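The values are calculated or read from the model by the stated rules, or taken from the named source; none is laboratory data. Keep in mind that this is a model prediction, so the values were computed, not measured. Cβ coordinates were reconstructed from backbone atoms using ideal geometry, including for glycine residues, and neighbour counts include every protein chain displayed.
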Amino acid sequence: MMKQIEIRYATDADAVSLSKLIQRTILASNSKDYSHESLDLLCSIYGPEQVAERIKNEHILLCFEGVNPIGAAGLRGDYLRSVFVEPFHQGQGLGKLLVGEIEEIARQKSVSCLMVHSSITARRFYRALGFNVVKYQSSPEGPTILMSKSLS
């Protein structure tokens, strides 16, 4: 059972803790679907400097239980980005809550169709939220699935 949670926008001061959250989640959640090389490359993309840059260019929401971030979701244009939930807190509705908040922000920005590049691991999560497969893709970090959801 989760304690009281707080959701707020990420700031520059959150870059290091957000980077660590993302890297922990990638390593714990995606290890059964991706090679060690893919996981290492993916983690390098979410270093503190790269995350700080994303904070400047995206709408990133952080979810806190106490002082530590336990979840994050981002929006850039019509793309849902950076959805990560601390492994211990997965399956408790936190990801669904964050995506719902991002969908509302997208609607306010007149986004009619939200896209996401899903990992193989997260595809069932996004399907449960109403996203549909557009196409399978390959990248240096490993395979992904482009998915979409109508917001109208």
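The set of residues in the stretch 122-144 that are surrounded by 13 or more Cβ atoms within 10 Å (Cβ to Cβ) and of a type in the set (Phe, Trp, Tyr) comprises 125, 126, 131.
Identify all residues within the stretch 97-109 that are closer than 14 Å to residue 149 by Cα and surrounded by fewer than 19 Cβ atoms within 10 Å (Cβ to Cβ); write none if there are none.
If we filter the stretch 97-109 for residues that are closer than 14 Å to residue 149 by Cα, which is where we start, we get 99-100, 102-104, 106-107.
Across the stretch 97-109, the qualifying residues are 100, 104, 107.
Does any residue of the stretch 142-152 turn out to be in contact with a Cys (Cβ under 9 Å, 6 or more places away or on another chain), among the hydrophobic types (A, V, I, L, M, F, W, C) and either in a loop (DSSP other than H, G, I, E, B) or modelled with pLDDT of 95 or more (or both)? Scanning the stretch 142-152 turns up at least one residue that is in contact with a Cys (Cβ under 9 Å, 6 or more places away or on another chain), among the hydrophobic types (A, V, I, L, M, F, W, C) and either in a loop (DSSP other than H, G, I, E, B) or modelled with pLDDT of 95 or more (or both).
Among residues of the stretch 1-28 being under 12 Å from residue 62 (Cβ atoms), among the hydrophobic types (A, V, I, L, M, F, W, C) and not in a helix (DSSP H, G or I), the one that is modelled with the lowest pLDDT is 5. On the stretch given as the stretch 46-74, residues that are modelled with pLDDT under 95 and of a type in the set (A, V, I, L, M) total 1.
Where in the stretch 29-140 are the strands (runs of 3 or more DSSP E), entirely inside, with at least 3 residues that are β-branched (Val, Ile, Thr) and either in contact (Cβ under 8 Å) with a residue 40 or more places away in the chain or over 15 Å from residue 10 (Cα atoms) (or both)?
Working: elements: 59-65, 68-76, 79-85, 113-119, 132-137.
Per the criteria, no element qualifies.
Within the stretch 19-55, the residues that satisfy the criterion of being of a type in the set (Ser, Thr, Tyr) and surrounded by 14 or more Cβ atoms within 10 Å (Cβ to Cβ) are 19, 25, 29, 34, 38, 46. Residues in the stretch 79-106 that are touching a Cys at 6+ places or on another chain (Cβ under 7 Å) and more than 18 Å from residue 58 (Cα to Cα): 94 alone. Going by what's in this entry, would residue 16 be described as loosely packed, with under 15 Cβ neighbours inside 10 Å, more than 22 Å from residue 146 (Cα to Cα), of a type in the set (A, V, I, L, M, F, W, C) and in contact (Cβ under 8 Å) with a residue 24 or more places away in the chain? Here the answer is yes, as residue 16 does meet what is asked.
Considering the stretch 76-86, and only residues there that are surrounded by fewer than 23 Cβ atoms within 10 Å (Cβ to Cβ) and at pLDDT 95 or above, the residue that is nearest to residue 151 (Cα to Cα) turns out to be 78.
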